[in-house]
Amino acid sequence: MTSPFPGGCALSNSENKRKRELECLRLASDLTRIGRDTLNPDLRAHCVRMAKLWSDQAARGPAENDSVQSTLYH
């Protein structure tokens with residue numbers, strides 16, 4: 001597998017999947033922390049919903065993650 005970036009290294013599908021899972025979990029963690037720290041109940045509820053969405057995305061396969069874009073923009 002060749003890298004699309006000069007000087008970069010190519011990632012295997014499993015490495016890409018793991019990277020995506022970690023990014024989703026990092027977002028979920030950040031949203032959980034923001035929700036816990038805010039005094040605004042609407043923001044807290046939104047952060048909890050979004051943290052769950054990103055946690056769920058981490059558990060899904062790459063083909064199922066395509067739906068996240070439409071979920072976020074609607």
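The values are calculated or read from the model by the stated rules, or taken from the named source; none is laboratory data. Please read these numbers as outputs of a predicted model, since none were measured by experiment.
Details
- Residue 2 passes every criterion in (1) modelled with pLDDT of 60 or more; (2) among the β-branched types (Val, Ile, Thr); (3) not in a helix (DSSP H, G or I) apart from (1).
- Among the residues listed as 39, 31, 43, 53, the single one being in a loop (DSSP other than H, G, I, E, B), at pLDDT 90 or above and of a type in the set (A, V, I, L, M): 39
- For residue 66, the criteria (1) more than 12 Å from the chain's Cα centre (by Cα); (2) at pLDDT below 95; (3) among the acidic types (Asp, Glu) hold in every case but one, which is (1).
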